[in-house]
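FYI, it's all coordinate maths here, none of it is from the lab. Small disclaimer: the values here were computed from a predicted structure and weren't measured. Neighbour counts are summed over all protein chains in view; Cβ atoms, including those assigned to glycine, are modelled from backbone coordinates with ideal geometry.
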Amino acid sequence: MTTKQSSVFLLTLFLIVLTFVLFCVFDAPYLTRNVSVALPIAGAFLFLIVISSLLKTTFTDPGIIPRPTNREAIEFDRQCGDSMDQRNQGGNANNTRVKVVNVKGQSMKLKFCYTCRLYRPPRASHCSICDNCVLNFDHHCPWVGNCVGQRNYRYFYFFITSLAFLDFFIGACAAVHLALVTNEKNAFIDAIRHTPVSLVVGLICIISIWSIVGLSGFHTYLLATSQTTNEDIKGTFNTKLRPTVKNPFSTGNFCKNIYYGLCGSEPPSLLDRRGVIQPDVLVNIDVETLQRISAANSVRNTASELMEISLQDDTRKSAANTRLNSQTRTETTEDETEEPEVGDTECMPRHSFMTLPTPHCNNGSTQTAKEVYVKENDDLESKTGNSIPMQNLERRVSSD
Ligand SMILES: [Zn+2]
Ligand SMILES: [Zn+2]
C-alpha cells in the first residue's frame with residue numbers, strides 16, 4: 001500500500017533499525033553484564049512492537065473508496081445532466097453535486113470528488129498524493145508511506161506511541177551506560193572515549209524524542225475528542241469557530257472515544273485485491289451515429305448517446321455476427337464451425353470504432369477511467385472532421 005514516497009518509508013525503517021542495532025552492539029552487552037539481561041529483552045520487545053505496527057500501518061488499506069467504472073460514471077453524469085443544465089443557465093453552482101445528510105442531528109455536506117467521481121462519505125477526503133478518496137481521512141504520512149485513515153489509524157497510533165517508548169528507553173540505556181563507565185573511569189571524557197557510540201545513540205534519541213512525544217500527545221488528544229487531523233486543521237468541530245456545531249462522532253466521554261478508536265471493530269476493506277480484471281469493452285460506432293453525436297451540442301445529450309451506444313453494444317455485435325455468418329455460409333458452406341470474433345473490425349470495414357477501457361480491478365490506486373482512445377479510418381476523418389476523445393468529454397461533463 002506504499003505510495004510514491006516509499007523512499008521516505010525506507011528511510012524511517014533504516015533509522016529505527018540502525019538505532020536499535022547500535023544499541024544491541026554497543027550498549028546491550030555491557031548492560032547485560034553490569035545491570036540486568038532484562039534491559040536488552042525489554043528493548044527487543046519494544047522494537048518488535050514498533051516495527052510490526054509500522055509495517056501494519058504501511059501495508060494496510062487505509063480505507064480507499066473504489067471508483068466507479070466508466071459506464072457507471074457516464075450514467076451518473078447523464079443523471080446529473082439536468083442539474084448541470086440549470087447551473088449553466090445561471091443557477092447556483094453550489095447547489096449541484098453537494099448532498100446534505102443528517103448525522104445524529106448534525107447537518108453534514110457530502111462533497112462530490114471530481115477526480116474519483118463519487119460523493120465522499122462524511123469524514124472522507126481526497127488524498128492528492130495517493131490520488132484516492134479515503135474514509136476517515138486523517139492525513140498522509142510520508143514517514144510510513146501511506147495515508148492514515150479509517151482502517152490503519154490505530155496501527156499508526158500504536159507505532160508513534162511505541163516509538164516514543166523505544167526512543168526514551170534506548171536513550172535512557174545509553175545514558176546509564178555512559179554513567180556507569182564514567183564511574184569506572186572517574187571522568188566523563190574517558191567514558192566518551194571508551195564508548196563514543198553510546199553518546200551518538202543518546203543524542204539521536206534526545207533530538208528525536210521531542211517530536212515523537214509531541215505527535216503522540218497530539219494524537220491522544222484527537223482520539224479522546226474523536227477527531228481526525230484533517231478535521232482539527234480545518235476546525236470542522238471547533239466550537240470557538242463554529243459555536244453551533246457539535247461533533248456527532250464523539251460519545252462525549254474521553255475514555256469511550258479512545259476505546260472505540262483503538263479497540264473498535266475494524267471495517268472490511270472496500271478493495272477487491274483478488275478481483276479479476278475484466279477485459280476492455282469495445283463500443284462500435286458507425287459513421288451515422290458518430291456524426292449524430294458530433295452534431296449534438298449539449299453535454300447531456302452526448303453523454304446520453306454514448307451510454308445508449310454502450311448499452312446497445314451487444315445488440316450491434318449480434319447483428320454484425322448474424323450478417324457475417326450469413327456471408328460466410330454463402331461463400332464457404334462447409335466451414336460452419338469457425339465463427340468470426342465479435343467486434344472484429346473486418347465486420348464493419350467502413351466504421352470507426354471507439355475503445356472504452358473499463359478497468360474493473362477495484363484497486364482505486366490504479367484505476368483510471370479517463371483513457372479512451374478513438375480510432376478512425378481516414379475515410380471517416382475526412383467525412384466528419386472530428387473525433388470525440390473521452391478526456392474532452394469528461395472535462396465537459398464534470399467542468400464547474
Ligand atoms: Zn477522490
Ligand atoms: Zn495518501
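Using a Förster distance of 60 Å, how high is the FRET efficiency between residue 72 and residue 203, based on the Cβ-Cβ distance and rounded to 0.05? Mind showing how you got there, number by number?
On the way: r = 56 Å, r/R0 = 0.93.
E(calc), rounded to 0.05, equals 0.60.
With the simple model of a label 7 Å out from the Cα in the direction of the Cβ, residue 104 to residue 260 spans 0.5 nm.
Subtracting the Cα-Cα distance of residue 183 and residue 246 from 0.36 nm times their residue separation leaves 16.8 nm of extension gain.
Structure note, pairs 111/234; 109/256; 104/256: Cα-Cα distances above 22 angstrom occur for 109/256.
Place the peptides 131-138, 44-51 in order of packing, highest mean first, counting for every residue the other Cβ atoms within 10 Å and averaging per peptide.
Ranked by mean Cβ neighbours within 10 Å, highest first: 131-138, 44-51.
Straightening the chain between residue 236 and residue 32 buys 68.3 nm, computed as 0.36 nm per residue apart minus the Cα-Cα spacing.
Every pair of different Cα atoms in segment 126-268 enters the Kirkwood calculation, which places the hydrodynamic radius at 17.8 Å. When each of the peptides 111-124, 206-219 is scored by the mean number of other C-beta atoms lying within 10 Å of its residues, the order from highest to lowest reads 111-124, 206-219.
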